[in-house]
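Data first, discussion second: the structure below is written as structure tokens.
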Amino acid sequence: MELTISIILGFMIIGAIYALHAKDLLSAVIAMGIVGYGLVICFLLLRAPDLAIVQIVVETITLVIMVAVVLDSTRKELEPAFDRKSLFNRIAAYVIFAGLFYFFLLAIETQDPLGMHSLGMADRYVTGAVEQTGSVNLVTGVLFDFRAYDTLGEAVILYTAALGATTLLRMKGKK
Amino acid sequence: MKGMSIIVKKVSQLMAGLIFMYGIYIILHGHLTPGGGFAGGAIIAGAFILLILAFGSNALNLKKEIAGSSNTESLAVLMVVVLALMALLFGSKTFFFNYLPKGEPGALLSAGVIPLYNIFIGIEVAGAILTIFLALVIFKEESSK
């Protein structure tokens, strides 16, 4: 299974790099689709069907909206200007990337291998969840019973996003 | 926004109802099978977005629709809070307490208030995604005029 996930991750990285450098914006959007749907297959292989359903639906909706936006506006990638300010930005990006990569190398030394986590807090949830919540689907039981505050927070985040979109995206404001 | 060709219109007309029903199935069986309020709500919003993109619409109709969808999602998120507050009246006095009878695990009517939370979170997610989409479409329609 690790080999399959590694191959899919390789495809996802290639797709992401192609999306950055594509001259045609439509092919860049399609290449971003590779990343999203590859993530769906990874979730399925890691036995997380709940996440896979959400990811496949959200990926499809965003892909459709992005394709509509690209077809409606322009398909050409902007040529980046090269001046002193962009040079500083590039150097800063490389320094930050090197720092993050160093801490990533430090982190994978101490991490458990994939799927072999020590179940500290999660042990409480996994063992007695069906009796305590009555929900056979463990994920829903955790989301709406043990961690219901998180779910309320997510719902309020979506509500705020919709509120912000309707408030900001208007041509004339109300007096 | 103008609509697409007749083939796209006919296929999306046939498919949208099935997609909508699948979203309702995912929401109602959220405590039994994978999925739940978030996944089902996104699927339901996808059915509406499919129809709007295929058939096209003018800004006036879209404004009526965005009023409806934003009202619906506001009411749904309010209902989630009301359901959580009702736990302070019944059972032990804790916020988000599961106060309804649990029933037999695996049955459709089980798990207490979790199916109700699923339904209202599903309505909220569907309304929110649809509202954001409609706000973008209306902005584009008005700015191109």
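Remarks
- Candidates in the range B:109-145 are the residues that are of a type in the set (A, V, I, L, M, F, W, C) and free of Cβ contacts under 8 Å to residues at least 24 places away in the same chain; of these, the one that is farthest from the other protein chains (Cβ to nearest Cβ) is B:LEU109.
- Some residue of the range B:26-40 being within 12 Å of the chain's Cα centre (by Cα) and either surrounded by fewer than 16 Cβ atoms within 10 Å (Cβ to Cβ) or within 19 Å of A:THR166 (Cα to Cα) (or both): no
- Complete set of residues in the range B:88-145 that are farther than 26 Å from B:HIS29 by Cβ and among the basic types (Lys, Arg): B:LYS93, B:LYS140, B:LYS145
- Residue list for the range B:70-90, restricted to those being in a helix (DSSP H, G or I) and farther than 14 Å from A:THR151 by Cα: B:SER70, B:ASN71, B:THR72, B:GLU73, B:SER74, B:LEU75, B:VAL82, B:LEU85, B:MET86
- Residue within the range B:83-90 that is surrounded by 16 or more Cβ atoms within 10 Å (Cβ to Cβ), in contact with an Asp or Glu (Cβ under 7 Å, 6 or more places away or on another chain) and not hydroxyl-bearing (Ser, Thr, Tyr) present: no
- Per this entry, B:PHE20 is counted among residues that are more than 10 Å from chain A (Cβ to nearest Cβ), of a type in the set (Phe, Trp, Tyr) and touching a residue at least 12 places away in the same chain (Cβ under 8 Å).
- Any hit, the range A:132-146, residues being loosely packed, with under 10 Cβ neighbours inside 10 Å and farther than 19 Å from B:TYR99 by Cα: no
- For the range A:128-154, taking the residues that are assigned to a helix (DSSP H, G or I) and charged (D, E, K, R), the one that is nearest to B:LEU75 (Cα to Cα) is identified as A:GLU154.
- As a summary of the residue check, B:GLY106 satisfies the conditions (1) buried (at least 20 other Cβ atoms within 10 Å of the Cβ); (2) on the phi > 0 side of the Ramachandran plot; (3) in contact (Cβ under 8 Å) with a residue 12 or more places away in the chain except for the one numbered (1).
- Filter result for B:LYS63 (more than 10 Å from chain A (Cβ to nearest Cβ) and in contact (Cβ under 8 Å) with a residue 60 or more places away in the chain): yes
- If you go through the range B:77-99 and keep only what is over 29 Å from A:ALA161 (Cα atoms) and in contact with a helix residue (DSSP H, G or I) (Cβ under 8 Å, 6 or more places away or on another chain), you end up with just B:TYR99.
- Count of the range B:66-80 residues which are more than 9 Å from chain A (Cβ to nearest Cβ) and at pLDDT below 85: 1
- Some residue of the range B:30-45 being modelled with pLDDT of 80 or more, part of a helix (DSSP H, G or I) and either touching a strand residue (DSSP E or B) at 6+ places or on another chain (Cβ under 9 Å) or among the charged types (D, E, K, R) (or both): no
- In a residue-by-residue description of the range A:119-133, the property of being within 14 Å of chain B (Cβ to nearest Cβ) and of a type in the set (S, T, N, Q) applies to at least one position.
- Filter result for B:PRO101 (without any contact (Cβ under 8 Å) to a residue 12 or more places away in the chain, within 10 Å of chain A (Cβ to nearest Cβ) and over 30 Å from A:ILE65 (Cα atoms)): yes
- Qualifying residue in the range A:57-75 (condition: more than 11 Å from chain B (Cβ to nearest Cβ) and over 30 Å from B:ILE19 (Cα atoms)): yes
The values are calculated or read from the model by the stated rules, or taken from the named source; none is laboratory data. This structure is a prediction, so every number in the text was calculated from the model and none was measured. Backbone-built Cβ (ideal geometry, glycine too); neighbour counts: all protein chains shown.
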